[in-house]
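The values are calculated or read from the model by the stated rules, or taken from the named source; none is laboratory data. Since the structure is predicted, the reported quantities are computational estimates derived from the model, not experimental observations. Here Cβ is always computed from backbone atoms with ideal geometry, including for glycine, and neighbour counts include all displayed protein chains.
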Amino acid sequence: MAHAAPPRLRDLGGYLAALALTGAAATAGVTAEPWLAAGNIAMLFLLAVLIAALGFGLGPALLAALAAAVSYNYLFLPPRLTFRIGQAADLVTFAVFFAAALATGGLAGRVRDAARASAQRTRTVSALLDASRALSAAATVDGAAQALADHVAAAGAGAAVVLAPDAGALRLVGGPAGVDRLGEAAEAAAQAAWREGTAEDGGWRFRSLEGVHGRVGVIGLRDDVSTADDDGLVPALLQQGAVALERASLARAAAENQALRDADTLRQALLNSVSHDFRTPLSTVLGASTTLLDYEADLKPAVRRDLLQSIAEEARRLNRYVRDLLDMGRLEGEALRPRRETVEVDAVIDSALTRLGDQLAGRSVTRETPPGLAAAGVDPTLLEQALINLIENAAAHGTLGTRIHIRAGEAAEAVCIAVEDDGPGISPDALERVFDRFHRGGRPSDRAAGLGLGLSIAKGFVEAMGGGIVAESPIAEGRGTRMRITLPKAAP
Amino acid sequence: MSRPRILVVDDEPQIHRFLAPALEAAGYEPLRVETAEAALREIARRAPDAVILDLGLPDMDGKDVLSKARTFYAGPILVLSAREREAEKIDALDLGADDYVEKPFSIGELLARLRASLRRGAHAEPEPAPVLAGDLVLDLALRDVRRGGAQVRLSPKEFDLLAQLAGARGRVVTHRQLLTAVWGPAHVEDVAYLRVFIGQLRQKLEADPARPRHILTEAGVGYRFMADEARD
C-alpha cells in the first residue's frame with residue numbers, strides 16, 4: 001500500500017535509531033561523566049534502551065540493549081576501553097538492559113502491532129466499503145465489472161481484468177484504461193477458468209467469479225501479485241464483485257424480459273387489432289360486393305350506388321388502418337430518422353387538410369395563423385401525418401356538424417399548432433390514457449373511431465422531431481378538446 | 001303471401017347498409033336494430049321469422065341475448081361471429097343458436113344458412129319423410145339407410161349419430177350436442193368417440209371418405225350434414 005513504507009526499510013530505520021539512541025546515551029555519558037556517579041550513567045543507557053523499545057519495538061530494543069551493554073562496558077566500566085568485563089556485578093547491569101528491552105519492547109511491540117493491525121483493518125474495511133459503494137452503484141454488468149477491476153487493482157493486485165459471458169462468449173467487460181483485448185493465450189486461459197475455475201497463461205492468473213446462483217464471470221490478475229494477501233481484501237472484493245456482477249446481469253435479463261414482454265404485448269395488440277378492426281370493413285366490402293354480384297338486377301340504382309359507395313369508404317378505412325399499423329411499426333422499430341427542415345407550418349396544415357378531403361365532409365374546419373409566424377425545424381412528412389391523425393381524431397369524436405379549429409402560434413422557443421373541436425370532450429381519467437396505443441375513446445367496441453393508434457402515432461412522430469404534445473379538455477363550457485403540439489423552431 | 005321478416009342485430013351501421021337491400025332483394029323483410037336491448041324488445045314485439053345476431057354487441061354479451069331470447073322465442077337464430085372466437089360460437093350454438101356465419105361473409109353463404117335455418121323452423125318436428133342426399137336415402141323413422149338403392153348396415157350408435165346430423169338439415173351440430181344426444185350427458189368431453197364414429201359413417205356413406213361431401217367437419221365446433229352437395 002502506497003501510504004506505508006515497505007516493512008524492511010521501516011525495520012532498518014528502527015535498528016539504526018536504536019544504535020543512534022545508544023550512541024547519544026554514550027556521548028551524554030562521556031560528556032557528563034565528571035558530574036555523574038557510575039550508576040547514573042547506566043541509567044542513561046537504560047533510558048536509551050527504553051526509548052528504543054517504546055519507539056521501535058522488540059528487535060531494535062534488543063539491539064539497543066546489546067549496544068548499551070557493549071559501549072557501557074567499553075567506555076565506563078573498568079578496565080576501561082576494553083571489552084573485558086571487570087566484575088560479575090556488571091553482568092547484572094547488562095541483564096537489566098536486556099530485561100528492560102524485552103519487557104518494554106515486547107509490550108510496546110504488541111501495542112504497536114495491534115495499532116498497525118487496526119489501521120490495516122480500517123484500511124481494508126474502508127476499501128471494502130468504497131468497493132461496495134461503487135459496486136452497488138453500478139447498474140450494468142460493464143459498470144460492476146469496471147468497479148471490481150478498479151478496486152482489485154487498487155487493493156494491490158496491480159492490474160485486473162474482468163470478463164463476463166455475453167451472447168454466448170466471454171467478453172472483456174472491465175479492466176485498466178486502454179486495455180480492450182487480451183492476448184490469445186490469456187483469452188484461452190480465461191475460457192479455461194470459466195470452465196474449470198482457475199487457469200493461468202499470458203501473464204494473467206484467472207479465476208472464476210462465483211455468484212449466489214452460479215458462475216458469473218472470470219477475473220484475471222497479473223501473475224506477479226498475490227491474491228492471498230494478509231488482510232483478505234482481494235478475496236472479499238472478489239466475492240462482492242461476483243455478487244454485484246450477478247445482480248447486474250440478473251437486472252439486465254429482467255430488463256430484456258420486460259422488453260420482450262412489451263414487444264409481445266404490442267404484437268398481441270396488433271394482431272387483435274388486425275383481426276377485429278379489419279374484419280368489419282372487410283365484412284362490408286365482401287358483403288356489399290357479393291350483394292351486387294348476386295342481386296344486381298333486383299337492386300334500385302340508388303341502392304347499387306350506395307353499396308358501391310360503402311365499398312369505397314371501407315376500402316379507404318382499411319387503407320388508413322394499414323397506414324396506422326405501418327406508422328406504428330416505424331415508431332416501434334425505432335427506424336424513424338426525422339429530417340430537420342425549415343417548414344412553414346401553414347403549408348403543412350394546407351396539405352393535411354387537402355389529404356383529408358372527403359373525410360371532413362359535414363365538419364366545419366376553420367384555421368388561424370398569425371402573420372409572420374416563425375418556421376419550424378421539423379420533418380414535413382411526419383408533421384403532416386401527425387396533424388392528419390389529430391384532425392381525424394377530432395372529426396371522429398365529434399358528431400356531424402362538429403366545428404374543428406386549427407390554430408397556429410408561437411411560444412418562446414417553439415412553434416405551436418392546436419387542433420380544437422367542440423365535441424363532448426374527454427373525461428379527466430381518459431385524458432391521461434388518450435395517447436396510449438389502442439386506447440379508444442367512447443365505448444370499447446366503437447370501431448368507427450379507428451384502431452386507437454392515431455393519437456399515439458401523432459405523439460410518437462412529434463416527439464421524434466423534438467416536439468411535445470398535450471391534450472386538454474374541456475376547453476369551453478364543459479365541452480371540447482384541444483390537442484396542442486409544440487415544435488422546435490427552425491435554426492435561424 | 002307475406003315476406004318472412006328477418007331481424008338483423010348488429011351495432012355496425014355498415015353491415016345493415018348492405019344486409020338490408022340484400023335481404024330485401026332475396027325476398028325477405030329486413031328489420032334492423034343495433035343493441036341487445038332493442039333486439040330483445042323487437043323479438044318480443046314483432047316475432048320475426050328469423051334473427052341474425054352479431055355476438056359482439058356493445059350493451060350485452062351475445063350469449064346473454066341468446067339465452068334471454070330463447071325463453072320466449074323458438075324461431076331460428078343465426079349468429080355472426082369472428083373466426084377466432086370459437087368458444088363463443090360453440091357456446092352460442094349450445095345455448096340455442098341454430099347456426100353461425102363467420103365474418104367476413106359473402107351474401108350467398110349467409111342467405112344459404114338463413115334458408116336452412118328457416119326450413120328447420122318450418123319443420124320443427126322431426127320430419128317423417130326420407131332425407132335425400134345424393135345417392136343416399138335416409139328414412140329416419142324406419143331406421144333405414146340406403147346408398148344407391150342398397151341397404152347400408154349401421155350400428156345403433158352410428159344410426160343415432162347420423163339421425164342427429166341429418167335431422168338438423170344442414171345446420172351445424174356441436175360436439176356437445178351430438179355427444180349428449182347419442183352417448184348421454186356423462187360423455188360430453190369424449191370428442192374422440194365422435195371422430196371414430198364419424199369416420200365409420202363416412203366409410204359407409206361417402207363416395208370418397210377422405211373428401212366427404214355430406215358429413216362435413218366444422219373444425220373445433222362440430223359437424224354438419226349437407227343433403228345437397230353445393231356449398232358456398
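Taking strands (runs of 3 or more DSSP E) that fall entirely within the stretch B:79-192, which contain at least 1 residues that are modelled with pLDDT of 85 or more?
Because the criterion is at least 1 residues that are modelled with pLDDT of 85 or more, the strands (runs of 3 or more DSSP E) in the stretch B:79-192 that meet it are B:99-103, B:136-139, B:144-147, B:172-174.
Does B:Ala20 count as aliphatic (A, V, I, L, M) and either touching a Ser or Thr at 6+ places or on another chain (Cβ under 6 Å) or within 14 Å of chain A (Cβ to nearest Cβ) (or both)?
Yes; evaluated as a whole, the condition is true for this residue.
Take A:Arg355 and decide whether it is more than 44 Å from the chain's Cα centre (by Cα), among the basic types (Lys, Arg) and part of a strand (DSSP E or B).
Details: more than 44 Å from the chain's Cα centre (by Cα): yes; among the basic types (Lys, Arg): yes; part of a strand (DSSP E or B): no.
Criteria not met by A:Arg355.
Which residues, counting only those in the stretch B:24-37, are at the interface with chain A (Cβ under 10 Å from one of its Cβ atoms) and without any contact (Cβ under 8 Å) to a residue 40 or more places away in the chain?
B:Glu24, B:Ala25, B:Gly27
Name the residues in the stretch B:39-56 that are touching a residue at least 24 places away in the same chain (Cβ under 8 Å) and assigned to a helix (DSSP H, G or I), would you?
First, pick out the residues of the stretch B:39-56 that are touching a residue at least 24 places away in the same chain (Cβ under 8 Å): B:39-40, B:42-44, B:46-56.
Across the stretch B:39-56, the qualifying residues are B:Ala39, B:Leu40, B:Glu42, B:Ile43, B:Ala44, B:Arg46.
Anything in the stretch B:102-117 that is surrounded by fewer than 20 Cβ atoms within 10 Å (Cβ to Cβ) and more than 10 Å from chain A (Cβ to nearest Cβ)? List them, or say none.
B:Ala112, B:Arg115
Quick one: A:Thr291 ticks every box in (1) surrounded by 18 or more Cβ atoms within 10 Å (Cβ to Cβ); (2) of a type in the set (S, T, N, Q); (3) more than 24 Å from B:Leu111 (Cα to Cα) except a single one, so which number is it?
It fails just one condition, (3).
Among the residues of the stretch A:281-325, write down those that are in contact with a Pro (Cβ under 8 Å, 6 or more places away or on another chain), in a helix (DSSP H, G or I) and farther than 30 Å from A:Gly452 by Cα.
A:Thr291, A:Tyr295, A:Val303
Just the residues that are within 11 Å of another protein chain (Cβ to nearest Cβ) and either surrounded by fewer than 13 Cβ atoms within 10 Å (Cβ to Cβ) or basic (Lys, Arg) (or both), please, taken from the stretch A:306-330. Full working, then the answer.
Step one: filter the stretch A:306-330 for residues within 11 Å of another protein chain (Cβ to nearest Cβ), giving A:306-311, A:313-314, A:317.
A:Gln309, A:Arg317, listed by residue number.
Among (1) within 43 Å of the chain's Cα centre (by Cα); (2) among the β-branched types (Val, Ile, Thr); (3) within 14 Å of chain B (Cβ to nearest Cβ), which single condition is A:Val345 missing?
With respect to (1) within 43 Å of the chain's Cα centre (by Cα); (2) among the β-branched types (Val, Ile, Thr); (3) within 14 Å of chain B (Cβ to nearest Cβ), A:Val345 is out only on (3).
In the stretch A:286-303, what count of residues is obtained for those that are more than 60 Å from the chain's Cα centre (by Cα) and either more than 7 Å from chain B (Cβ to nearest Cβ) or in contact (Cβ under 8 Å) with a residue 12 or more places away in the chain (or both)?
8
Restricting to the stretch B:39-73, and then to whatever is small (Gly, Ala, Ser) and buried (at least 16 other Cβ atoms within 10 Å of the Cβ), can you tell me which residue is nearest to the chain's Cα centre (by Cα)?
Per the criteria, the residue is B:Ala50.
Return a yes/no flag: does the stretch A:214-231 have any residue that is in a helix (DSSP H, G or I) and modelled with pLDDT under 80.
no
Mind counting the residues in the stretch A:415-441 that are more than 42 Å from the chain's Cα centre (by Cα) and at pLDDT below 85?
Summing the residues that are more than 42 Å from the chain's Cα centre (by Cα) and at pLDDT below 85 in the stretch A:415-441 gives 3.
Which of the residues spanning the stretch B:16-47 are acidic (Asp, Glu) and closer than 18 Å to B:Ala112 by Cβ?
Across the stretch B:16-47, the qualifying residue is only B:Glu24.
What are the residues in the stretch A:184-205 that are in a strand (DSSP E or B) and without any contact (Cβ under 8 Å) to a residue 24 or more places away in the chain, if any?
A:Thr198, A:Ala199, A:Glu200, A:Asp201, A:Arg205, listed by residue number.
Can you confirm whether the stretch A:155-164 contains a residue that is in contact with a strand residue (DSSP E or B) (Cβ under 8 Å, 6 or more places away or on another chain), buried (at least 16 other Cβ atoms within 10 Å of the Cβ) and not hydrophobic (A, V, I, L, M, F, W, C)?
Checking the stretch A:155-164: not a single residue is in contact with a strand residue (DSSP E or B) (Cβ under 8 Å, 6 or more places away or on another chain), buried (at least 16 other Cβ atoms within 10 Å of the Cβ) and not hydrophobic (A, V, I, L, M, F, W, C).
Name the single residue that is farthest from A:Ala430 (Cα to Cα) among those in the stretch A:460-492 being assigned to a helix (DSSP H, G or I) and touching a residue at least 60 places away in the same chain (Cβ under 8 Å).
Step by step, filter the stretch A:460-492, then rank; the result is A:Ala464.
Looking only at the stretch A:138-161, count how many residues are outside any loop (DSSP other than H, G, I, E, B) and within 17 Å of the chain's Cα centre (by Cα).
Residues that pass the stated criteria total 10.
Give A:Arg121, A:Arg181, A:Arg171 a once-over and let me know the one that is over 11 Å from A:Gly241 (Cα atoms), among the basic types (Lys, Arg) and assigned to a strand (DSSP E or B).
After applying the criteria, what remains is A:Arg171.
May I ask you to verify whether B:Ala87 is farther than 18 Å from B:Glu37 by Cα and without any contact (Cβ under 8 Å) to a residue 12 or more places away in the chain?
Considered against the rule, which asks whether it is farther than 18 Å from B:Glu37 by Cα and without any contact (Cβ under 8 Å) to a residue 12 or more places away in the chain, B:Ala87 comes out as yes.
Quick one: which of B:Asp59, B:Asp11 is touching a Gly at 6+ places or on another chain (Cβ under 9 Å), of a type outside the set (Ser, Thr, Tyr) and either within 18 Å of B:Lys103 (Cβ to Cβ) or not in a helix (DSSP H, G or I) (or both)? So that I can check it myself, show each step before the final result.
Values: B:Asp59 fails: touching a Gly at 6+ places or on another chain (Cβ under 9 Å).
Among B:Asp59, B:Asp11, only B:Asp11 is touching a Gly at 6+ places or on another chain (Cβ under 9 Å), of a type outside the set (Ser, Thr, Tyr) and either within 18 Å of B:Lys103 (Cβ to Cβ) or not in a helix (DSSP H, G or I) (or both).
From the list A:Ala412, A:Ala375, exactly one residue is modelled with pLDDT under 85, over 20 Å from A:Arg320 (Cβ atoms), out of contact with any Phe, Trp or Tyr (no Cβ under 6 Å at 6 or more places or on another chain) and surrounded by fewer than 19 Cβ atoms within 10 Å (Cβ to Cβ). Which is it? If you could, list the steps in order and put the result at the bottom.
On the way: A:Ala375 fails: modelled with pLDDT under 85.
Being modelled with pLDDT under 85, over 20 Å from A:Arg320 (Cβ atoms), out of contact with any Phe, Trp or Tyr (no Cβ under 6 Å at 6 or more places or on another chain) and surrounded by fewer than 19 Cβ atoms within 10 Å (Cβ to Cβ) holds for just one of A:Ala412, A:Ala375, which is A:Ala412.
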